[in-house]
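Some notes on the structure that comes next.
The values are calculated or read from the model by the stated rules, or taken from the named source; none is laboratory data. Values in this document were obtained by computation on a predicted structure and should not be read as measured data. A quick note on method: Cβ atoms are made from the backbone with ideal geometry, for glycine too, and the neighbour counts reach across all protein chains shown. Protein only, heavy atoms only, side chains kept; ligands, DNA and RNA dropped before computing areas. Shrake-Rupley method; radii C 1.70, N 1.55, O 1.52, S 1.80 Å.
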Amino acid sequence: MSLLLAGAIERFVRAKRYDGKPLDVGANPDLTRDDIYLRRLLPRWDDLIRALGSEENVLERFDITPERTLRAIHAGIPGADRLFALLMAKVPGAQHVHKSDLVAAVAEMEPRGNTMRELIGTLLLTPFRARSVADHWAELRAGEIFAEYFREDSDLRAKVIDAFRTNADNAGAAGALAELLLREDDAAVEQLLVAGVEGRRYGVGAHFKLVAALSSAEAFIEEISRLLTRDIEPDEWSLPYWVPALVRRIKIDAELRAKMLEALGDVASVSMKLTFTALLARAAGSTDQLKAYAAEELRKLQADPIPAIGFDLTRYAHRPLFQLMTELAA
């Protein structure tokens, strides 16, 4: 990367490994979602092609593959659309592409396109059976994408409804219809969903999407409270894939916001204080009521020498209560 930035890419072109083969450098060596390497490479893509002879050679020498790179694709990177097309052409022959990475990349680059429509169809129209955890995350995300971008697609909408009607254990379809109800009123879908989910158990992600769409304010608060007292590791919750549904419900339901504010006066758990306050702030901003609550909590915290740390669903991690209250009171 330094040679490229310094205009000395020819040294990399000539570099050999110990066995005499061309030296490869992973453009995303840690397999993270960090796009810092792509942001440096892509503006100089044509220079790399000239130096290495072809786009295929660039991909090979920098170990740019669907498995490694789709997770780091973002629309704001200059030239990302070009690389996205190259990677998508390789997906059919790639053996280890996680559906979650594929869905995330397509949602970033072409959320309304036919590729996305086909992807979410495979995830929502058949029940979840023996897939990986990453595929399950993709299934949860697919429901949100369906409701956000494809709810006006009458054919796909009918297929998702029919998939749930045929098999109410289909958590993907159940979650997708819950996301739909969070965006529009549809009495027929609501009636179908209420009747279908009764007495059934779903995974935590689909469960809380259904809670967000169908529960009373009291039941909504009770379910979150129960979750925060369970002995579950945060990584098991797939939080980024269903917490937005909770926020959406709070945003559109004034009664729920009022009852959550009222409940804050009674809770003692640091995690509940963090989560309820953060959810309200995420949904409605730092209101006068939240500012007043935060100021009072800060006064109490300053009198207690023991740091108060709890789990914040909106941050998907533990954090100090003092930090959130300071942000809200400012």
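State the answer as a single residue: which of Gln323, Ile221, Val243 lies farthest towards the positive end of the charge dipole of the chain, with beta carbon charges of +1 for Lys and Arg and -1 for Asp and Glu, about the Cα centre.
Gln323
Would you compute the Debye intensity of region 184-330 from its alpha-carbon atoms alone, equal scatterers and no solvent, and pass along log10 I(q)/I(0) at q = 0.14, 0.19 Å⁻¹ to two decimals?
Listed by q, the Debye log ratios stand at -0.68, -1.18.
Cα centroids of region 72-134 and region 231-310: how far apart, whole angstrom?
Result: 33 Å between the Cα centres.
Highest GNM mean-square fluctuation, the chain, Cα pairs closer than 10 Å: which of Pro320, Pro305, Pro127?
Pro305
Could you give each residue of region 210-219 its phi-based ³J(HN,Hα) in whole Hz, using Karplus coefficients 6.51, -1.76, 1.60 with θ = phi - 60°, and x for Gly or Pro?
Using θ = phi - 60°, the values come out as 5, 4, 4, 7, 10, 6, 5, 4, 5, 5 Hz.
Taking θ = phi - 60°, what integer Hz values does the Karplus form 6.51 cos²θ - 1.76 cosθ + 1.60 yield along region 101-117, in sequence order, with x for Gly and Pro?
5, 5, 4, 4, 5, 5, 4, 6, 9, 9, x, 9, x, 5, 4, 5, 4
Could you give the radius of gyration (one decimal) and Dmax (whole number) of the Cα atoms in region 254-322, in Å?
11.6, 36
What angle, in degrees between 0 and 90 and rounded to the nearest 10, separates the Cα long axis of helix 133-149 from the longest principal axis of the Cα atoms of the chain?
Roughly 70 degrees, rounded to the nearest 10.
Heavy-atom accessible area per residue, the chain, 1.4 Å probe: how many Å²?
With the other protein chains kept in place, the chain gives 50 Å² per residue.
So how strong a dipole does region 73-194 carry about its Cα centre when Lys and Arg Cβ are +1 and Asp and Glu Cβ are -1, to the nearest 20 debye?
460
Of Leu52, Pro92, Tyr37, which is farthest towards the positive pole of the chain's charge dipole, taken about the Cα centre with +1 and -1 on the beta-carbons of Lys, Arg and Asp, Glu respectively?
Positive-most Cα among the choices belongs to Leu52.
Roll a 1.4 angstrom probe over the protein heavy atoms and tell me the percent of accessible area of the chain that is carbon or sulfur.
Its accessible area is 49 percent carbon and sulfur atoms.
Using a Gaussian network model of the chain whose springs link C-alpha atoms within less than 10 Å, name the residue from Ile77, Ile161, Ile120 with the highest mean-square fluctuation.
Ile77
Report the Stokes-Einstein translational diffusion coefficient (µm² s⁻¹, integer) for region 100-215, Rh taken as the Kirkwood radius over Cα pairs, at 10 °C with viscosity 1.306 mPa s.
In µm²/s, the coefficient rounds to 115.
Using packing as a proxy for protection, rank 170-183, 261-274, 205-218 so that the peptide with the highest average count of other Cβ atoms within 10 Å comes first.
Result, highest mean first: 170-183, 205-218, 261-274.
Taking θ as phi - 60°, what are the ³J(HN,Hα) couplings along region 188-193 by the Karplus curve (6.51, -1.76, 1.60), each to the nearest whole Hz, with x for Gly and Pro?
Working through the residues one at a time gives 5, 5, 4, 4, 4, 5 Hz.
What figure, in Å² to the nearest 10, do you get for the accessible area of Arg117 with a 1.4 Å probe and non-protein molecules left out?
60
How are the Cα pair distances of the chain distributed, in percent, across 10 Å bins from 0?
Histogram of Cα-Cα distances, whole percents per bin: 5, 22, 24, 21, 16, 8, 2, 0.
Treating the beta-carbon of each Lys and Arg as +1 and of each Asp and Glu as -1, no other charges, what is the dipole magnitude of the chain about its Cα centre, to the nearest 20 debye?
Result for the chain is approximately 780 debye, rounded to the nearest 20.
Using amide H atoms built 1.01 Å from N in the peptide plane, name the residues 5+ places from Ile309, or on other chains, whose amide H lies under 5 Å from its own.
The list, which skips near neighbours in sequence, is Leu321.
Kindly provide the helix-only [θ] at 222 nm of the chain, computed as the sum of -39,500 (n - 2.57) over DSSP H runs of four or more divided by all residues, to the nearest 500 deg cm²/dmol?
The helix-only estimate for the chain comes to -18000 deg cm²/dmol at 222 nm.
Would you mind checking the tilt of helix 171-181 against the longest principal axis of the Cα atoms of the chain, expressed as 0 to 90 degrees and rounded to 10?
Value to nearest ten degrees: 70.
Give me the dipole magnitude in Debye, nearest 20, for region 201-325 about the Cα centre, with unit charges on the beta carbon: positive for Lys and Arg, negative for Asp and Glu.
340
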